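Here is the structure we will look at.
Each value in this text was obtained by applying a stated rule to the coordinates, not by laboratory testing. From a predicted model like this one, the values you see are computed outputs, not experimental measurements. Please note: Cβ atoms are built from the backbone with ideal geometry, for glycine as well, and neighbour counts cover all protein chains shown.
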Amino acid sequence: RYGVKDEAGYAPQGTKVVDDGPAAYFSTLPLRRIVTELRACGIPADISDSAGTLMCNHLMYGSLHHVNSTTKARVGKQGVVIPVGWIHLPALPAMAAKEENLGMPSMTAELSTQAVLTAIQAIAKDLQSGNIDIDIPVKSRLLV
């Protein structure tokens, strides 16, 4: 899509992750619960419709396909509750301050660590409740 390659020169765009796989999978993370709890802790967060355009999307699809193809046990009220998804963290401030990255979102390593721990706690809370997510709307300004 964008002609982007990884450091080894590999560009997965235009290639299928799985030959006979579906066009897409949805994350099984409790996204609304995670975002709601992150925001309650003062950590900026939003829901995106894309894992990204290079390796992120490739890895997320592969992980979700593996879980969907191999999981036999079904738990929870709505089916598979194996949490699989993608969480993007912003750049560190020093990276965002570089001239070529001006305007890039940033977050300190400490706040990023707190965000990941909060997300894990939200996932655990969701699994303990037997739900797949909370059923409340999450306001968003992210258009990705």
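One chain, two ends: Lys125 and Glu99. Fully extended at 0.36 nm per residue, the span grows by 5.3 nm beyond their Cα-Cα distance.
Here the label points at Glu7 and Ser50, each 7 Å from Cα along the C-beta direction, are separated by 2.4 nm in the simple model. Computed extension gain for Lys16 through Leu117, at 0.36 nm per residue and net of the alpha carbon distance, reaches 33.1 nm. Extension gain, Ala91 to Ala24: 0.36 nm times the residue separation minus the Cα-Cα distance gives 21.4 nm.
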